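First comes the structure, then the notes that go with it.
The values are calculated or read from the model by the stated rules, or taken from the named source; none is laboratory data. Quick caveat: nothing in here was measured; it's all calculated off a predicted structure. Neighbour counts are summed over all protein chains in view; Cβ atoms, including those assigned to glycine, are modelled from backbone coordinates with ideal geometry.
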Amino acid sequence: MKNLAKTICLSLLVCLFLPSCKEAPKETEVKTKKVLYVTHFPGNFHDYKEQEAFFQGYAKEASWDVTVMKTDIGIGYADLRRARKGKTEADAAIRKKHPRHQNYAELLELLKKKDFAKGYDAVVYNFCIAGSADLEAAHNIMEQTRTNGVPAMLIHCSMHCFWPTYRNGTAGIIPGNNGPAKTTQALVDKWTAKHLDVPFPAWGDFTGIASSKHGPNTPITYTVVTKDHPAAKRVTKDFVMEDTELYDNLYQVDGVIPIVSGQQGEFKAVAMWECPQGISKVIGISAGHAMPDWTNENFKFLVIDGIDYLIANPSSNAN
């Protein structure tokens with residue numbers, strides 16, 4: 001009996017000092033998915049403030065931790081749009097205070113900050129800076145994905161950015177690029193003067209499918225063309241988005257995987273795709289012009305499932 005009592009006492013002492021004896025094993029913690037969302041308010045042609053609010057709703061449904069990197073000129077989208085065409089003195093004052101390029105000038109400075117997307121699982125770009133020739137900003141955006149390995153989703157007008165780097169100029173003068181981008185010799189010389197061994201930042205090469213124009217605001221029928229792609233797993237059949245824009249496919253770089261195509265009358269184009277970029281990848285989706293797109297459940301599915309796919313598969317297909 002003495003030996004039994006001694007054994008029991010020793011067992012109790014061991015349990016006191018071993019956490020496993022008094023605590024149940026903890027469940028494996030689920031890592032929070034961190035998403036950086038980049039935009040600017042209010043937008044010249046798209047209501048980015050309202051779209052950001054919808055994206056936050058998507059994020060809540062998907063359980064993402066979202067950080068918004070944005071600039072805000074402090075005027076509403078409807079007021080700015082009205083002032084662009086208005087004839088009153090108040091309209092003229094708004095146009096003078098907020099010329100078109102000032103709607104994104106501050107954003108370009110943010111986009112030139114080194115490693116701005118580092119530490120995030122994915123970065124989402126939803127902005128419109130079509131006329132910018134800011135090569136440093138374009139290059140630094142690309143570096144977040146190509147070198148730092150942060151996968152990116154580009155929504156709608158994010159494809160129509162930095163036009164002077166790939167659609168305005170002469171073909172065949174850009175060394176180190178894998179797409180038939182067009183630019184000017186002056187921009188190439190400006191870049192190579194500072195970055196002799198770095199490829200020219202042709203934005204169309206980064207998006208994977210370059211775009212130079214869009215169709216009218218009329219309904220588009222979308223079709224999933226790669227049915228086993230995880231980004232389209234909840235879209236099981238053709239669907240229509242009302243009164244939106246279909247972007248053209250100016251050119252396509254190697255490695256692009258079409259996911260969804262769109263048809264608007266006789267005009268047909270790839271409307272969502274995946275493309276390797278350096279050590280990571282991008283997904284482009286040309287839908288998202290106006291609020292009828294953002295309220296469409298299939299668009300929501302494509303955005304949520306596309307971002308979740310990028311987070312789960314951040315590496316380039318070639319890696």
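Identify all residues within the stretch 273-319 that are crowded, with 23+ Cβ neighbours inside 10 Å and assigned to a loop (DSSP other than H, G, I, E, B); write none if there are none.
Listed by number, the residues that qualify are Ser286, Ala287, Gly288, His289.
Looking at the stretch 248-264, I want the residues that are of a type in the set (Ser, Thr, Tyr) and have a partner that is surrounded by fewer than 18 Cβ atoms within 10 Å (Cβ to Cβ) and modelled with pLDDT of 95 or more with Cβ atoms under 8 Å, at least 6 apart or on another chain. Which pairs are those?
Here the result reads Ser261/Thr223; Ser261/Val225; Ser261/Lys268, each pair linking the stretch 248-264 to a residue that is surrounded by fewer than 18 Cβ atoms within 10 Å (Cβ to Cβ) and modelled with pLDDT of 95 or more.
Give the stretch 32-64 a look and list any residue that's touching a helix residue (DSSP H, G or I) at 6+ places or on another chain (Cβ under 8 Å) and under 18 Å from Phe116 (Cα atoms), or say none.
Lys33, Val35, Tyr37, Val38, Thr39, His40
Hey, Asp205 hits all of (1) charged (D, E, K, R); (2) part of a loop (DSSP other than H, G, I, E, B); (3) in contact (Cβ under 8 Å) with a residue 40 or more places away in the chain but one; which does it fall short on?
Asp205 satisfies every listed condition except (2).
Out of the residues in the stretch 106-141 that are surrounded by fewer than 16 Cβ atoms within 10 Å (Cβ to Cβ) and out of contact with any Lys or Arg (no Cβ under 9 Å at 6 or more places or on another chain), state the one that is modelled with the lowest pLDDT.
It comes out as Glu106.
Pairs, please: C-beta under 7 Å, at least 6 apart or cross-chain, first residue over 15 Å from Phe127 (Cβ atoms) and in the stretch 44-66, second among the aromatic types (Phe, Trp, Tyr) and surrounded by 16 or more Cβ atoms within 10 Å (Cβ to Cβ)?
Note: pairs meeting the criteria are Phe54/Trp294; Val66/Tyr37.
Return the residues of the stretch 59-80 that are out of contact with any Asp or Glu (no Cβ under 7 Å at 6 or more places or on another chain), of a type outside the set (Gly, Ala, Ser) and over 12 Å from Ile311 (Cβ atoms); say none if nothing qualifies.
Lys60, Glu61, Val66, Thr67, Met69, Lys70, Asp72, Ile73, Ile75, Asp79, Leu80
Kindly establish whether Lys34 is at pLDDT 85 or above and farther than 30 Å from Arg234 by Cα. Break it down stepwise before answering.
Working: at pLDDT 85 or above: yes; farther than 30 Å from Arg234 by Cα: no.
Here the answer is no, as Lys34 does not meet what is asked.
State all residues of the stretch 224-260 that are crowded, with 21+ Cβ neighbours inside 10 Å and not in a loop (DSSP other than H, G, I, E, B); if no residue qualifies, say none.
Kept after step one, since they are crowded, with 21+ Cβ neighbours inside 10 Å, are these residues of the stretch 224-260: 224, 229, 231-232, 235, 241, 244-247, 253, 259-260.
Within the stretch 224-260, Val224, Ala231, Ala232, Met241, Thr244, Tyr247, Ile259, Val260 qualify.
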